[in-house]
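Before any comments, here is the structure.
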């Protein structure tokens, strides 16, 4: 295993020479854009050639287990995949209640007492009436995994977080900074300050997944502005499910008729009219996508284009996306 680095030093290029330089990769995007798929593929990509990554989810949807075809993930780190070159991907579904029990045991030595509180429903009550506490616990566990060392070596080369969607990503990542500001002393303040510092350091990058559609692009632009105000570093814009245009430009009905006749297909008026309408819709769609792409380019962030997987996402599809992520990491 390679030599350990200083805690504040960002991860270097992987052994194939590809650079996703953060150690904690936060993946967000509007619901339906494929952020969980991208997070899983990035974890596979970063684990190649003998590296070890941790893939974390915090929303309780068990999306990672579905992608990899495993049983629902418990609150423990377990291996879910072997990457090319002998690397390892582990996964963790962070449960706020279990994280609180761990926190109480770690900082207040309340192992048995914490379990008693759980039986009384006090922990569930606490995380319900104080939603911010839930996010403090979730981000705290992610920070612990990212910075964990054994024998002065990092346990994980990279941690990939399948984070909440863009509409909630700012408050989610900023909650520990707010908690540190409100808490005066004690472990809560210290822990919150540590998480807030990690999320604003070169060790972290927030990558935003979007489709070339109006609402996802607008949410992406808004989220980038919000993260900038919070001082949280943004990494890459990831355009998911992209596909080449079917037509180079608009075609006339006469061109369609000649083309169909050349290959012996029907050239009746209804067929020509239907195809022409579809071609017009394609042209409109392409113009809209080009306009949205231009809006994203103006943000000045690296753009990564991922292909549309016509057959859906399975393990082979995740590897295709992983290849695309690494190929775009120059």
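The values are calculated or read from the model by the stated rules, or taken from the named source; none is laboratory data. Please read these numbers as outputs of a predicted model, since none were measured by experiment. Cβ atoms come from the backbone with ideal geometry, glycine included; neighbour counts cover every protein chain shown.
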Conditions (1) closer than 23 Å to residue 145 by Cβ; (2) touching a strand residue (DSSP E or B) at 6+ places or on another chain (Cβ under 6 Å); (3) not in a helix (DSSP H, G or I): number failed by residue 169: (3)
Which of the helices (runs of 4 or more DSSP H) contained wholly in segment 178-286 include at least 3 residues that are within 20 Å of residue 31 (Cα to Cα) and without any contact (Cβ under 8 Å) to a residue 60 or more places away in the chain? 214-230
Sort out which residues of segment 63-81 are outside any loop (DSSP other than H, G, I, E, B) and loosely packed, with under 15 Cβ neighbours inside 10 Å, and write them in order of number. 66, 78, 79
Among (1) modelled with pLDDT of 95 or more; (2) within 30 Å of residue 287 (Cβ to Cβ); (3) touching a strand residue (DSSP E or B) at 6+ places or on another chain (Cβ under 7 Å) - the single one residue 218 does not satisfy: (3)
Residue list for segment 287-314, filter: touching a strand residue (DSSP E or B) at 6+ places or on another chain (Cβ under 8 Å) and part of a helix (DSSP H, G or I): 293, 296, 297
Suppose we keep only residues that are over 15 Å from residue 45 (Cβ atoms) and surrounded by fewer than 21 Cβ atoms within 10 Å (Cβ to Cβ) within segment 82-100. Which one would you say is modelled with the lowest pLDDT? 97
Residues in segment 160-191 that are surrounded by 15 or more Cβ atoms within 10 Å (Cβ to Cβ) and within 24 Å of residue 54 (Cβ to Cβ) total 18
Residue check: is residue 248 at pLDDT 90 or above and within 34 Å of the chain's Cα centre (by Cα)? no
